[in-house]
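What follows is a short report on a single structure.
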Amino acid sequence: MDQECAPLHSALIDYRKRRVVPFDVPGHKQGRGTPELTQFLGKECLSVDVNSMKPLDNLSHPTGVIRDAEILAAEAFCADAAFLIVGGTTAAVQAMIMSVCKGGDSIIIPRNVHKSAINALILCGITPIYVDPGVHPTLGISLGMAAADVERAIKEHPEAKAVFVNNPTYYGVCPDLRRIVIAAHAAGMAALVDEAHGTHFYFGEALPLSAMSVGADMSAISMHKTGGSLTQSSLLVMKRGKIDPEYVRIVISLTQTTSASYLLMSSIDIARKTLATQGTELFGRVTALAAYARSEINNIGGWYAFSKEIINGRDVFDFDLTKLSIHTLKIGLAGIEVYDILRDDYGIQTEFGDMGNMLAIISVGDTNYNIERLVAALTDIKRLHGKEGIDLWDHEYIAPVVELSPQEAFYAARKPLPLTECVGEISSEFVMCYPPGIPILAPGELVTREALDYILYAKGKGSLLMGPQDINLEKLHVVRRGS
Amino acid sequence: MELWFTEEHTPTVRFSIKVKEQLLSKKSPFQQIDVFESDEFGRFFTLDGLIMLTEKDEFIYHDMIVHVPMAANPGIKKVLVIGGGDGGSVRELTRYKTIEKIDMVDIDEMVVNVCREYFKQTSKRLDDPRVTLYFEDGLKFVRRFEGEYDLIIVDSTDPFGPGEGLFTKEFYGNCFKALTEDGILVNQHESHYYETFLAAMQRAHRRIKELFPVCSVYQAHIPTYPSGHWLFGFASKKYDPIKDLDADAWNALGLTTGYYNTDLHKGSFMLPNYVKEILNKVA
């Protein structure tokens, strides 16, 4: 068995050939019972939307083709074990945290973490020890944590069970991962890495270091984000040693579906094969496309597509060249405004825009034509909407004031209050712009004037704010005092 | 043996030409290029299986895409042709002595080379000293200019495939910027008749209309294009295609044309009701 094999993919092709008569679920029976769905998604697709069975193995207890697919995935990512994940990278992140922490434990975590990580803390009753990730003084983006700050947190909180790291951040900023992993291990802590946006680090050239290459214990990898598998499919990879893979499988099973989708799993298998056999070449092309786009966009004037020049050896230790991150303020527009204009007026969907920046994902699926369209649209937006550069919001990092653990706040007696009256209260809900899904407020945090102003500002600029029960975000649930 | 070339105008409508001989079949980095010889239409070539040009009816298309704007503003000096690798548009443009500079940008050099070899009648003026050829994406080429051209002719393929970028708001916006203050944009506007490109065509029309103070559509009868009823877009910052037509001035040039004349010029802007309705619908 080598990386040219895709055992799960092959097993599904065999299954199709055998023309099995299905008296099991799913009830659409290879698409025959659902003509409209079958016409929409295709017969080929429905014919392999099947349930686990002996020749196709079982994700909860893999002994056949799924196990083989996982072995190959582990090998491809230089890991000792890999798990196919069908609940999104959210599930992988939560399984990592739940594998090393239990109720009452604490974890060192950057504040610009994805909400999936904080959700794990709510579920298990884990206390976050936040590290300021750093904010870029002119771009206003949150950064990757300085290793020295992580080391200080480790020293101040020797009781913490793990250090959690983003590699890279949404914008492509990487921390000094090697130094952080060494520091964590020296203190007996596990090093967990969120590589939702870093699949390609394992395959490209001249890209930042990957978690496995520096000996981190576990990493959550969004195969679907830049790796080419179907949405919601992901990988958890790990090194054997501190943590036992068999135990991790049990933790994953706590919340994982028992009807794992073969469409998702086979897409991981095929994507892994492609990455392992052609990854260097594919990501070489992606890097070249991104570099071309950056230089053309910077030539327009006003826009600033940033790159490695922001590296400072501290909270920007490395930068992912495949990310096309563009600072928009000098054009006189907020990132979210450009994001909206591109979608509504030009039919171009980018990943997200926040206050001062927007992000276009460049991946294996991109062509020169598409890049030209984006560059041309940005040229045109400057012509039509460009004005004097503005200072919108001078920074994005809102230092959290943690009053209660996320779990305590989440389950505490609570009451809804009009948003504007919440200053001084403890939030029992998340508030975040989505994407990127990084909390402005997390359960248990004090609603400061600064946080509230930022929320109102983001709302006014048209960001999609998510988290609270009240979807219009007029009210926020806060913890009832004295409860 | 019977050899037929067939183009699917829709999944259920076909247009076929009996082929005497296939002269070339070649794949460029961008598209499939085929050249055929036929009795009825003479030599013709296709890109990705769609007829681009036949010897018998190419004059209609090239007359209409060039002489209409040239008659509306005889003062045009600098012209940019986007696409048009067969050279037909350039051939018609070079007939105007008043034009000083013609830039042609086509993404696919192989198309130009094939046409130079197999379609000498259309490509014969590509070496005129006023002509410069560029081989790159038109969308990329045009965005570097500001106030440069008096006329931009978009002689493109259909809106899906390599030509897709030439039907977008960003493209028209950058054309607007590249045009002089009284510049004109003429584009191959597809046909309204079949569903295939209808939505793309309506969207393109709406986008041009949003940008240019003057925006109209004119038509021609081109037998080998789907439905035979083809549209062109005329957009400009100043010149009105009918009010500003100086028929006497154009006729004084003494150009002989197979399709275009100054009466037809005006008539071509008079559209059937159902076409008007389609163009007014926002896609």
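Only the coordinates and a few stated rules stand behind these numbers; no lab work does. Values in this document were obtained by computation on a predicted structure and should not be read as measured data. Counting neighbours? That spans all protein chains shown, and the Cβs are built from the backbone with ideal geometry, glycine included.
The amide H of A:Ala191, built 1.01 Å from its N in the peptide plane, has A:Val163, A:Asp217, A:Met218 as neighbours under 5 Å, considering only residues 5 or more places off or on other chains. Grab the beta carbon distance between A:Arg285 and B:Glu100, set R0 = 56 Å, and tell me the FRET efficiency rounded to 0.05. Using R0 = 56 Å, I get an efficiency of 0.85. Measuring max minus min along each principal axis, the C-alpha atoms of the range A:7-275 give extents of 62, 38, 30 Å (largest first). Whole-percent P(r), the range A:292-435, all Cα pairs, 10 Å bins from 0: 10, 33, 26, 19, 12, 1.
For the protein assembly as shown, the calculated P(r), taken from all Cα-Cα distances in 20 Å bins from zero up to the bin holding the longest distance, is 15, 38, 32, 14, 1 percent.
Between B:Val81 and B:Asp103, B:Met104, B:Val105, B:Ile153, the built amide H atoms are under 5 Å apart, and every one of these is 5 or more places off in sequence or on another chain. Residues in the range A:243-258 carry Karplus couplings, in order, of 10, 8, x, 5, 5, 4, 4, 5, 5, 4, 5, 3, 10, 7, 4, 9 Hz; the curve used is 6.51 cos²θ - 1.76 cosθ + 1.60 with θ = phi - 60°, and Gly or Pro positions show x. Rounded to two decimals, the Cα radius of gyration of the range A:406-479 over 2.2 N^0.38 Å is 0.97. Within the range A:1-129, the proportion of Cα pairs with more than 25 Å between them is 47 percent. Can you give the % of DSSP beta bridges in chain A that are antiparallel, to the nearest 5? Counting DSSP beta bridges with both partners in chain A, the antiparallel share is about 70 percent. A convex hull fitted around the alpha carbon atoms of the range A:185-299 yields 136 Å³ per residue.
Mean separation of Cα pairs under 8 Å and 6 or more residues apart, divided by the residue count, gives chain B a relative contact order of 16 percent. For the range B:30-105, the share of alpha carbon pairs falling in successive 5 Å distance bins from zero is 3, 14, 24, 21, 15, 11, 9, 3, 0 percent.
Once C-alpha pairs closer than 8 Å and six or more residues apart are averaged by separation and normalised to the residue number of chain A, the relative contact order reads 15 percent. One chain, two ends: B:Glu109 and B:Lys276. Fully extended at 0.36 nm per residue, the span grows by 56.4 nm beyond their Cα-Cα distance. Please report the orientation-averaged projected area of the range B:58-280, defined via the convex hull of its C-alpha atoms, in nm². That works out to 10.9 nm².
With θ taken as phi - 60° and the Karplus curve 6.51 cos²θ - 1.76 cosθ + 1.60 applied, the whole-hertz 3J(HN,Hα) list for the range A:2-14 is 10, 5, 6, 7, 9, x, 6, 4, 4, 5, 6, 5, 4 Hz, x standing for glycine and proline. Take the Cα of B:Lys266, go 7 Å toward its beta carbon, and none of the backbone nitrogen atoms of the range B:67-88 fall under 13 Å from that spot.
Reported to the nearest whole Å, the Cα centre-to-centre distance from the range A:439-483 to the range B:1-45 is 63. Dividing the C-alpha radius of gyration of the range A:238-362 by 2.2 N^0.38 Å, with N its residue count, gives 1.43. Per residue of peptide A:293-299, the mean number of Cβ atoms on other chains within 10 Å of the residue Cβ is 1. Between A:Arg16 and B:Ala249, the modelled labels are 6.5 nm apart [label points 7 Å from Cα along Cα→Cβ]. Amide H contacts of A:Asp57: A:Val65, each under 5 Å away and 5 or more positions distant or on a separate chain (H built 1.01 Å from N in the peptide plane; Pro and chain starts excluded).
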